[in-house]
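Since every read-out is calculated from the coordinates, none of them should be taken as a lab result. Just so it is clear, the structure is predicted and the values come from calculations on it, not from any experiment. Here Cβ is always computed from backbone atoms with ideal geometry, including for glycine, and neighbour counts include all displayed protein chains.
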Amino acid sequence: MLGSGSAGNSALIATDHCKILIDGGLSARQLMLRLEQCGVTPHQLDGVLLTHEHGDHICGLEVLCRKFALPIYCNALTAEAIRGGGSLNGHRNWRIFHTGAEFAICDIVVQTFPVPHDAVDPVGFAFHAGTRALGFITDLGYATKMLTQRLREVHTLVIETNHDEKLLQNDPHRPWPVKQRIQSRHGHLSNAAAAMVIGELLAGKIERVVLGHLSRDCNTPELALGTVRLLLEKCDKADMEVHCATQFEVSPRFCIGETRPGPFQPTFDSIFFKVPTVASDKLGSDFSNRFRSATLPRDQSRDE
Ligand SMILES: [Zn+2]
Ligand SMILES: [Zn+2]
């Protein structure tokens, strides 16, 4: 986690073959600085993957992408909303996916799914590489059944613990409509709500939880960690690893698993553009099929 909180969010996921930024909601300067702390230069990034268009997830991308022309992976509505907001209008390298699609970026298979949040088409992700998986959900009002099902397969989960319900209710600075928005089914997960989601995943493969997107005024790492640890104790899982990401510093590096070293994996481009039969005017309507065709079982993709 390069940084996470209500003021800005970005994370780096990496295998031996691939480096992807998830969201770019820190200043370009901070993004570069924090990437450098991880031993990564922006040139090495294979792309930026976006959850949604809110400023705390995209504000550094205008400058970063102007400098480095990084591919941006997002759905069409999110791209439109960002461009409509006056950002990234000169950007040419968009990789548009349909929400719900599954596709590969190098050796990482990305599953996308809708999450309920007050953005145009917000998504969560499950990343699979080798035999291991990472779930990534920030900015959501509640966890849908489908989302919970997808996340039962992941070993590490990044999840937002946005606010403590009492601190939010008693906050003197936020007007009622704002509090209602945050607590609504299209707002953000409270510590207690996130703990419930984690509880539902305990029957799955989960081994580690990373908490993020904490509100600066209405939460503390102690409260978020305390709520989740209490739930884990109750469920007899007190030994599970739990971390809390913060706004101002890079988190420790979390090793989710090993990918087999070997020949370079086919890139998203090489698979995507290999399908030669579709006329260019049909590109839009055929996107979803083509994206599905871009997905290969991992073993098969390894052989190429
Ligand atoms: Zn956010
Ligand atoms: Zn948001």
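Data for the structure
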quantity	calculated
Index of the failed condition, I20 passing every other in (1) among the hydrophobic types (A, V, I, L, M, F, W, C); (2) part of a helix (DSSP H, G or I); (3) in contact with a strand residue (DSSP E or B) (Cβ under 9 Å, 6 or more places away or on another chain)	(2)
Test set (1) out of contact with any Ser or Thr (no Cβ under 8 Å at 6 or more places or on another chain); (2) over 25 Å from F103 (Cβ atoms); (3) in a strand (DSSP E or B) - L211 fails condition number	(1)
Residue that is farthest from the chain's Cα centre (by Cα), among those in segment 39-73 that are part of a loop (DSSP other than H, G, I, E, B) and polar (S, T, N, Q)	T41
T41 being surrounded by fewer than 22 Cβ atoms within 10 Å (Cβ to Cβ) and touching a Pro at 6+ places or on another chain (Cβ under 7 Å)	no
Check on V109, outside any helix (DSSP H, G or I) and surrounded by fewer than 19 Cβ atoms within 10 Å (Cβ to Cβ)	no
Close pairs from segment 46-68: first closer than 18 Å to V110 by Cα and away from ligand 2 (no atom under 15 Å from the Cβ), partner in a loop (DSSP other than H, G, I, E, B) and among the hydroxyl-bearing types (S, T, Y), Cβ under 8 Å, at least 6 apart	D46/T267
Failed criterion for R181 (all others in (1) buried (at least 16 other Cβ atoms within 10 Å of the Cβ); (2) of a type outside the set (S, T, N, Q); (3) touching a residue at least 60 places away in the same chain (Cβ under 8 Å) hold)	(1)
Subset tally (residues that are assigned to a loop (DSSP other than H, G, I, E, B) and not basic (K, R)) for segment 139-186	18
Residue count, segment 80-105 (criterion: within 16 Å of ligand 2 (Cβ to nearest atom) and either crowded, with 21+ Cβ neighbours inside 10 Å or not hydroxyl-bearing (S, T, Y) (or both))	3
